[in-house]
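What follows is a set of notes on a single structure, which appears directly below.
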Amino acid sequence: MDFDLSKPQKLLQDSARTFFARECPAERVRELMATDSAYDEALWRAIADQGYTGLIIPEQYGGLGLGLVELAVVVEEMGRACLPGAFISTLWAAALIEKAGSEGQKAKYLEAISAGELKATVALLEASADWNPAAVQLRAERDSNGYRLSGSKEFVNDAAIADLLIVVARSDKGLALLPVEKGSDGVTLTATPAIDATRKLFKVDFDNVYAEGAMESGVNAALEYSMGVAAIALSAEMLGGMQWTLDTTVEYAKTRMQFGAPIGSYQAVQHHCADMLLYTESSRSAVYYAAWALTEKDPMARHAVSIAKAYASDAGREVGNLGIQCHGGIGFTWEHNLHLYYKRAKANEIMMGDATFHREKLAQLVIDQALD
C-alpha cells in the first residue's frame, strides 16, 4: 500500500502551487476581500483554463473526470493561497447536480461549470443554521409546470455572483432540489456580515419565485454525497491554511530576535511549532484518506469524511491560535496575513457542520452499524 501521492498527483500539486502563488498573492486576496463579491472574473477564468472547475466532473460533461484525491491536492493549494471566490460553492452544486440531476440538467449545467461559464451555489441553511437537511422547512408549492417558492434561506455562500442557485426545499414528496437561475423574478439578496471577508454570505428571500426542473429523485443520497465532497474540500483547504501558517511561523521563529537569540531557540516556541506540525500532518492523513475512501466507495467513507472534517475543524483553529501566539503582537494586526488564514479556518470550521456536528454524526453511524 502506498501512502504517498503518485507522481502525476505530485506534478498536479506543484503546478497548482505555482499557479496560485502567481495568480493569487496576498495583495490580490486583500483587494478582493474589500469588494462586495470577493470575485475577480480574470482569476476565475484563469482557474477554469487550468481545468480546476471541471476537475471531478465526468469527461462526458466536459470535465477531467479525476477523483477526490486530486481535488484535495488542488484545494490544499487554494487554501495555502487563501483563494477568494466561489470555487467550493460551485463544487458543491456540481456534485449535487451530478447525483440528482436529469441528463438534460447535467449537460446544461455541468458542461457550463466545467468550462468556467457558470458559477453556482446551494441554498440549504435556514434560521436554525442546522446543516442536517432534515431541518429544512422552506416549502415548495407545486405549480402547473413546476414549483413556487416563498420564504428565506440564510448564510448562502457567493449568492451575489452565482449564475445558479440550487434551493433545497420541502415538497409534498419530500426534499426537492430547485434550480433558480440568476435574475429570476422575486429573488432578493441581502449581504450578511461574515468573519471571513474573502467568502461572502447572503440571505436570500424568495417571493413567489417560480422554479421548473425540480430534482426529486435520490435527493437525500445526493445531498449526503455532495456535502461529503464539499466537506473534504473544506478540510483540504484548511489543511493548506495550516501548512501556510506552520511554514510562516517556523520562518518567523528563525529570524525574530529576542534577548539576543532567535525566538525559535526557546523551548516554549519549539513546543508550539511541534504541536502545529502534529495537527497539520494528522489532518493531512485524515483528509486524504477520506478523499480516497469516498472516491472508492469504501463502506467506511461516511465515517472517514466526518472524522476528517471534525479533526481538521479543531486543528485549523488550534494551528491558527499557536501561530498567532508565536508571532506575538504582530500576529493579530491587520497588517499581517495571519488573520486572513485564521478567519478562513473559523469560517470553514462551521461550514458543512463543525466538529461537534460531525462527532454526533459519526456516533450515529456507529450506532446504526451496530444495529444492522
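The values are calculated or read from the model by the stated rules, or taken from the named source; none is laboratory data. The structure displayed is predicted, hence computed values, not measured ones. Please note: Cβ atoms are built from the backbone with ideal geometry, for glycine as well, and neighbour counts cover all protein chains shown.
Assorted remarks:
- Residue match in the range 65-81 (condition: surrounded by fewer than 22 Cβ atoms within 10 Å (Cβ to Cβ), over 20 Å from the mean Cα position of the chain (by Cα) and at pLDDT 95 or above): no
- Counting the residues of the range 77-114 that are in contact with a strand residue (DSSP E or B) (Cβ under 7 Å, 6 or more places away or on another chain) and either closer than 24 Å to THR280 by Cα or not in a helix (DSSP H, G or I) (or both) gives 2.
- Elements of type strands (runs of 3 or more DSSP E) contained in the range 156-262, each with 1 or more residues being at pLDDT below 95: 164-171, 174-181, 201-211
- Pick from the range 279-338, criterion among the basic types (Lys, Arg) and either part of a helix (DSSP H, G or I) or not assigned by TED's automatic domain parsing to the domain that holds VAL229 (or both), ranking: surrounded by the most Cβ atoms within 10 Å (Cβ to Cβ): LYS309
- Filter pass, ALA26 being under 24 Å from VAL229 (Cα atoms) and under 20 Å from the mean Cα position of the chain (by Cα): no
- Flag set for GLU349, criterion: at pLDDT 95 or above, more than 19 Å from ARG256 (Cβ to Cβ), of a type outside the set (Gly, Ala, Ser) and under 16 Å from the mean Cα position of the chain (by Cα).
- Here the condition is being in contact (Cβ under 8 Å) with a residue 12 or more places away in the chain and surrounded by 17 or more Cβ atoms within 10 Å (Cβ to Cβ); of LYS200, LYS182, it holds for LYS200 alone.
- So THR35, is it at negative phi and assigned to a loop (DSSP other than H, G, I, E, B): yes
- Restricting the range 1-18 to residues that are of a type in the set (D, E, K, R) and farther than 15 Å from TYR52 by Cα, the residue that is surrounded by the most Cβ atoms within 10 Å (Cβ to Cβ): LYS10
- Number of residues in the range 24-52 that are surrounded by fewer than 18 Cβ atoms within 10 Å (Cβ to Cβ), in contact (Cβ under 8 Å) with a residue 24 or more places away in the chain and among the β-branched types (Val, Ile, Thr) equals 0.
- Filter result for ALA21 (surrounded by fewer than 17 Cβ atoms within 10 Å (Cβ to Cβ) and touching a residue at least 12 places away in the same chain (Cβ under 8 Å)): yes
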